[in-house]
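The values are calculated or read from the model by the stated rules, or taken from the named source; none is laboratory data. These numbers come from a predicted model, not from an experiment. Methodologically, a virtual Cβ is constructed for each residue, glycine included, from the backbone with ideal geometry; neighbour enumeration extends over all protein chains shown.
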Amino acid sequence: MVHLGGWFDMALKSTLTCFQSIRARGQSEHSRNNQRLIVGPWIHGPKGVSEREVGELDFGPDAVFDLFAHRIQWYDYWLKGIETEVLEDAPVRVFVMGDNRWLNLETWPPENIMYQPIYFREGTGQSDASLNNGGLTFDLPRDAEEPDRFTYDPEDPVLSLIGYPEQGPTDHRPMEGRVLTYTTDAFKEDLTVIGPLKAVLYALSSAPDTDWVVRLCDVWPDGRSLSVCDGILRARYRDRLDHQVLMVPEQVYQFEIDLIATAQVFKAGHRLRVQVTSSDFPRYDRNLNTGGSFGEEARGQVAINTLFHDPTFCFPLYLQKNDRGNTHGFKTYSSY
């Protein structure tokens, strides 16, 4: 099976999960060994794989993939017994955005992954560009820092800049004045992130339920804040999706938000930014914050949501740091 997906594809998680699951638990060795994964800088649908411009970025000529030709080669081999080159490729081929090149791997995630946490830091305060102008560093906070608070009113949600289906990298500066942002200093050398990502928030709410939306952006030297990947969690499903437990207002909880995965080089001179908010409407339905049944209520309540970042409560975002001496062009570092 060829598992084909895009970094901006709404079905990316399913594509990765199917590949990993069959490789691990296929009923025969033949099945397990003949899975192939291809992930490019694309949105959902066959049209996206044939274009180099996705969203607001041009990923270069190598981003264009001849899906029809690949299908013919694949079917010729498996259905007609014709010798083609389809099995000569590596089991996993991923497009590394920023460098705009393909990377061949033996498995997904890449072997010997070790995760690197990066932490929220106290900011300079609210401005037109952010609710807090927070920092983002690889250094664990050592002293107490003031938490960040924001108000989420379901009658006035943060509006989506990414439509349906997903439209690729999008400059999110127009909405950043309404969300918490945490930004690194400009990188002195390239930073490569390849693999799964997860945000861990330590937070509380004044409401029994709310949503947490986390987005990773690549901030260019000209100020553009282009989306890389994102995720959302409804607080009542913080333990698992088939079991809902409402929050006790004003009690701190740990929330893990799955940002799925990416392969992105943050180039020297760029910055990495994380946005945190509680709505992305209408891409995702609003949480009315009441804890009531979905689709049965017309009115919600305002939630005051608080995010902590100090030695007790911190935010690890898992990254992999670039090392040009490595065969694949990146090196991984261990987690907390």
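Of the residues in the stretch 147-165, how many are in contact (Cβ under 8 Å) with a residue 12 or more places away in the chain, assigned to a loop (DSSP other than H, G, I, E, B) and surrounded by 12 or more Cβ atoms within 10 Å (Cβ to Cβ)?
9
One line per residue, one yes/no per condition, for (1) within 23 Å of the chain's Cα centre (by Cα); (2) closer than 30 Å to Gly269 by Cβ; (3) aromatic (Phe, Trp, Tyr):
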| residue | (1), (2), (3) |
| --- | --- |
| Leu57 | yes, yes, no |
| Trp74 | no, no, yes |
| Leu87 | no, no, no |
| Met97 | yes, yes, no |
| Asn100 | yes, yes, no |
| Leu103 | yes, yes, no |
| Phe120 | yes, yes, yes |
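Go through the stretch 49-86 and report how many residues are among the hydrophobic types (A, V, I, L, M, F, W, C), part of a loop (DSSP other than H, G, I, E, B) and free of Cβ contacts under 8 Å to residues at least 12 places away in the same chain. Outline the logic, then answer.
Just the residues of the stretch 49-86 that are among the hydrophobic types (A, V, I, L, M, F, W, C), to begin with: 49, 54, 57, 59, 63-65, 67-69, 72, 74, 78-79, 82, 86.
Narrowing the set further to residues that are part of a loop (DSSP other than H, G, I, E, B) leaves 59, 64-65, 82, 86.
Then keep just the ones that are free of Cβ contacts under 8 Å to residues at least 12 places away in the same chain; that gives 82.
Matching residues across the stretch 49-86 total 1.
Hey, among the residues in the stretch 194-221 that are small (Gly, Ala, Ser) and closer than 30 Å to Asn104 by Cα, which one's surrounded by the most Cβ atoms within 10 Å (Cβ to Cβ)?
So the first thing to find is which residues in the stretch 194-221 are small (Gly, Ala, Ser), and the list is 195, 199, 203, 205-207.
Filter once more, keeping what is closer than 30 Å to Asn104 by Cα: 195, 199.
Details: Gly195: 19, Ala199: 23.
Here the residue is Ala199.
Is it the case that Val200 is without any contact (Cβ under 8 Å) to a residue 12 or more places away in the chain and either outside the structural domain of Phe138 (by TED's automatic domain parsing) or among the β-branched types (Val, Ile, Thr) (or both)?
Working: without any contact (Cβ under 8 Å) to a residue 12 or more places away in the chain: no; either outside the structural domain of Phe138 (by TED's automatic domain parsing) or among the β-branched types (Val, Ile, Thr) (or both): yes.
When the stated conditions are applied, Val200 does not pass them.
Of the residues Arg324, Arg238, Arg271, Arg234, which single one is of a type in the set (Lys, Arg), modelled with pLDDT of 95 or more and under 23 Å from Ile194 (Cβ atoms)? If you could, list the steps in order and put the result at the bottom.
Numbers: Arg324 fails: modelled with pLDDT of 95 or more; Arg238 fails: under 23 Å from Ile194 (Cβ atoms); Arg234 fails: under 23 Å from Ile194 (Cβ atoms).
Result: Arg271 is the single residue among Arg324, Arg238, Arg271, Arg234 that is of a type in the set (Lys, Arg), modelled with pLDDT of 95 or more and under 23 Å from Ile194 (Cβ atoms).
Tell me which residues, restricted to the stretch 94-134, are touching a residue at least 40 places away in the same chain (Cβ under 8 Å), surrounded by fewer than 17 Cβ atoms within 10 Å (Cβ to Cβ) and not in a loop (DSSP other than H, G, I, E, B).
Once the filter is applied, which keeps residues that are touching a residue at least 40 places away in the same chain (Cβ under 8 Å), surrounded by fewer than 17 Cβ atoms within 10 Å (Cβ to Cβ) and not in a loop (DSSP other than H, G, I, E, B), the stretch 94-134 yields only Ser127.
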